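Enquirer: Okay, here's the structure, questions in a sec.
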Amino acid sequence: MAGAATPQENNSGCWVIAIIAGLILSVSYCSKKKDTASDAVASMAVAAPVDAAGEPVIEPLSPSAITAGFEHFGKVGKAAVEGGAKIYSINCYASLAKTFSWATLDRCGGFDQAAVRTADLDTSYFAEDELEYFGSESAAERYLGVGTTAGLSGDESDTRLAALQKASADRRLPKRANAAAAPAAETIAEAAPDSPVMDEYTAEDELIGE
């Protein structure tokens with residue numbers, strides 16, 4: 001039986017974790033096929049918004065989206081699915097090719113920065129392939145590549161990345177899960193046998209707690 005909830009808790013947090021777990025579990029079947037996806041993120045095509053003159057509409061860095069990325073990193077950790085952080089990140093960025101928004105880019109970037117900081121503190125937290133994926137240079141390349149494709153100049157991309165990294169450095173890292181991550185296939189059968197199949201993390205799948 002689960003421990004008693006504190007007075008402030010409600011079931012919404014559990015639903016959020018369940019949704020994230022279902023997403024990670026469903027796409028983990030295809031994760032091996034997506035190993036090259038992270039390399040392609042920086043050069044993928046995105047349909048960024050433009051104004052009447054056809055110029056890209058650039059929105060400022062979103063602190064709330066960065067915070068959401070950190071929160072999602074914590075919830076993915078609680079789901080304790082093997083490779084879950086990398087799967088989330090790949091699908092977060094992949095969603096930008098379908099429905100682009102600057103806030104979503106900042107959320108993906110914030111999630112990655114939380115993972116980068118975690119890896120720097122404890123290399124045993126991630127598997128070897130995740131450590132490479134969440135290296136600081138790899139995370140920067142993903143964010144810079146999509147930002148440039150969406151309309152930022154090289155200097156603007158560098159400035160936005162620096163601001164993202166500074167804002168991320170000021171945020172508290174989510175508490176890391178103590179339990180070892182369960183293999184995805186094993187967890188599907190035990191925890192989410194009827195979870196819907198979702199091939200990518202889309203803008204409609206917002207999981208930010210109110």
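The values are calculated or read from the model by the stated rules, or taken from the named source; none is laboratory data. Source: prediction; values computed, not measured. In this analysis, Cβ positions are derived from the backbone assuming ideal geometry, glycine residues included, and neighbour counts consider all displayed protein chains. Accessible surface areas use protein heavy atoms only, side chains included; no ligands, DNA or RNA. Shrake-Rupley method; radii C 1.70, N 1.55, O 1.52, S 1.80 Å.
Enquirer: Name the shape class, rounded, prolate or oblate, that the alpha-carbon gyration tensor gives for region 70-126, where a ≥ b ≥ c are the square roots of its eigenvalues, rounded holds for a/c under 1.5, and otherwise prolate holds if a/b is larger than b/c and oblate otherwise.
Expert: Prolate.
Enquirer: THR123: accessible area at probe 1.4 Å, nearest 10 Å²?
Expert: About 90 Å², ignoring ligands and nucleic acids.
Enquirer: So what J values fall out for region 45-62 if you push phi through Karplus, 6.51 cos²θ - 1.76 cosθ + 1.60 with θ = phi - 60°, rounded to Hz, Gly and Pro as x?
Expert: Values per residue, Gly and Pro as x: 7, 10, 9, 6, x, 10, 8, 4, 8, x, 8, x, 8, 9, 9, x, 4, 9 Hz.
Enquirer: Hey, another quick one. With the full set of protein chains in place, find how many percent of the accessible area of region 48-113 is carbon and sulfur; take the probe as 1.4 Å.
Expert: Ligands and nucleic acids excluded, carbon and sulfur give 58 percent.
Enquirer: How much accessible surface area, in Å² rounded to 10, belongs to the heavy atoms of ASP158 with a 1.4 Å probe?
Expert: 80 Å²
Enquirer: Could you sort 50-56, 60-66, 149-155 so that the peptide with the highest average Cβ count within 10 Å comes first and the rest follow in order?
Expert: Highest mean packing first, the order is 60-66, 149-155, 50-56.
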